[in-house]
Amino acid sequence: MNSNPRKRWFGLILVSFVCLIGFSTPFQQFAAFPNELRLFSGQMKRLQVGVPVHAEVTVDPQMLQVNGMSRQSTSVKLSEPLSLQPSQSGHTNMKVKLFGKIPFKTIKVHVVPDLRVIPGGQTIGVKVKSAGILVVGHHQVVDRNGAKQSPGEAAGLKLGDLIMSINGTPVNEVHKVGVLCERYGVEKQPLEVTYKRGGQLNRTKLSPVYDEDDKAWRLGLYIRDSAAGVGTLTFYAPDQGVYGALGHIITDMDTQTPIEVGEGQILQSSVTSINKSQTGEPGEKRAHFVKESRVLGNIERNTPFGIFGKMKEAPTHSYSGKALPVAFAEDVKEGPAQILTVVNGQKVERFNIEIMHVSKQSGPATKGMVIKITDKRLLSKTGGIVQGMSGSPIIQDGKLVGAVTHVFVNDPSSGYGCFIEWMLQDAGVLMKSSGSFDDKAA
């Protein structure tokens, strides 16, 4: 055999060997070794590597203990879980050398102050007043000549537009629009309407038309200034005096556009009955507001991860009232978990679920996990996830990890959940990760 075929055979064998190594479990575990770790101060974290080799781990012992040792260098078996115990917040590096000699990886470690919040589960009433007047439809006005028209539609106003002012006067209540429409209609003056669409302010002009049927001046628009409903409280952060609820954005029921909050309130609510979920038909909690004069908190933000605002004291009827640690998105895993929610009156109960799938999210995104209700009692009571259950906190291994957000219409026993980390960021409790490890990073 000459040299060329020998080289080709050698090349094929080498490529096959590399492929076998690449697909081997130890190699994949090595490749999955993190480049960066986030920890809460005072909370132990176990790092599962599962590679049958010895290594030397070097850290700053003032910040981090490895396997309970306050040493700069610690000999470890990577086949066994690595326990990391941070003692103070800040940034440091953890260096790993295989067999104590071969440099393998330098892991950036970011330690944030310990954070504990009180999980919710209480059913709450939600009242929201929008920052302007929402256009939810058009209608025809019959003028003095018998002609039908919609001045608002002719002026280019569309469903979902938010009217902010009319002739320089801010408007956030429907009756104010009626007053201005009457005034300028009688004076036969056009209305200069400032409206918001897609986050951009625009202007248009329209003239009210006297409706011969209603005997009033009309714009040919269906409009709305508020919304109300029922949801579930996710958490209360006593140190910051803020809360988070719902786990998803509030949208207008007709236009399906997010409501821009002007002001709002959350109130105590009591579940009176439940319409069970069935395949193709999501059920719902039926509830009434309790003591409407007693406001639990205000609503300052309406984001893709729920509603957030200030709350002066821990709400009543909590499951235990005990503050729990929280988990970063990357710490949530597939397996058993529980949710806290109300199925009767105001009593918060604990029910078993299974986290079926966890999405890898390095930044805020909805649909972080797929969950399935496994608790037979909850399934018999609700049929699965129902409307009004959104925001129910998800607990795993004694930590608050997320919130229920949506039900699968074709399988109401299953649905989506979001990671609690993103809700805590929107509440202002947890700083957004900057991705930087300088002294200014939060």
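The length gained by stretching the chain between GLU281 and ASN410 to full extension, at 0.36 nm per residue less their Cα-Cα distance, is 45.6 nm. When DSSP assigns beta bridges and you keep just the ones with both residues in the chain, what percent turn out antiparallel, to the nearest 5? Rounded to the nearest five, the antiparallel share is 95 percent.
Across the chain, the relative contact order, built from alpha-carbon pairs under 8 Å that are at least six residues apart, equals 14 percent. Enter the accessible area per residue of the range 353-416 (Å², integer; probe 1.4 Å; all protein chains in place). Ligands and nucleic acids excluded, the figure is 41 Å² per residue. When each full DSSP H helix of the chain is screened for a Cα extent of at least 18 Å along its own axis and an average Kyte-Doolittle hydropathy of at least -1.0, the helices passing are 3-23, 174-186. Rounded to the nearest whole Hz, the Karplus-based 3J(HN,Hα) values (6.51 cos²θ - 1.76 cosθ + 1.60, θ = phi - 60°) of the range 300-313 follow the sequence 9, 9, 10, 10, x, 10, x, 10, 9, x, 8, 9, 6, 8, with x at glycine and proline. Using a Gaussian network model of the chain whose springs link C-alpha atoms within less than 10 Å, name the residue from SER79, SER414, SER89 with the highest mean-square fluctuation. Residue with maximal mean-square fluctuation among SER79, SER414, SER89: SER79. Between ILE133, ILE107, ILE118, which gets the highest mean-square fluctuation from a Gaussian network model of the chain, Cα cutoff 10 Å? Result for the chain, Cα springs under 10 Å: ILE107 fluctuates most. If R0 equals 30 Å, the separation of the Cβ atoms of ARG46 and ILE102 corresponds to a calculated FRET efficiency of about 0.80. A crude spin-label estimate for the pair THR272 and HIS357, with each label 7 Å from Cα along the Cβ direction, gives 3.9 nm. Close amide H partners of ASP375, meaning residues 5 or more places away or on another chain with modelled amide H under 5 Å apart, are ASN352. Among the listed pairs LYS129/LYS285; LYS312/LYS333; LYS158/LYS312; LYS45/LYS105; LYS105/LYS360, which are separated by more than 29 Å between their Cα atoms? Beyond 29 Å: LYS312/LYS333; LYS158/LYS312.
As a check on your grasp of the helix formula, calculate [θ] at 222 nm for the chain: sum -39500 (n - 2.57) over DSSP H runs of n ≥ 4, divide by the residue count, round to the nearest 500.
-4000 deg cm²/dmol
Cβ-Cβ distance of SER73 and ASP397, R₀ of 25 Å, FRET efficiency by 1/(1 + (r/R0)^6): the value works out to about 0.25.
Here the Gaussian network model covers the chain, with springs between Cα atoms less than 10 Å apart; of LYS367, LYS95, LYS347, LYS95 fluctuates the most. Here the label points at LYS372 and THR204, each 7 Å from Cα along the C-beta direction, are separated by 4.9 nm in the simple model.
Each Lys and Arg Cβ is given +1 and each Asp and Glu Cβ -1; about its Cα centre, the chain then shows a dipole of about 1380 debye.
How many angstrom lie between the Cα centre of the range 300-334 and the Cα centre of the range 118-133? That distance is 14 Å. Taking 0.36 nm per residue of sequence separation and removing the Cα-Cα distance, the LYS148/ASN167 pair yields an extension gain of 4.3 nm.
The values are calculated or read from the model by the stated rules, or taken from the named source; none is laboratory data. What you are looking at is a predicted structure, and each value in this text was computed from that prediction instead of being measured. Note: ideal-geometry Cβ built from the backbone for every residue, glycine included; neighbour counts use all protein chains shown. Note: accessible area is taken over every heavy atom of the protein model, side chains too, but ligands, DNA and RNA are not part of it. Shrake-Rupley method; radii C 1.70, N 1.55, O 1.52, S 1.80 Å.
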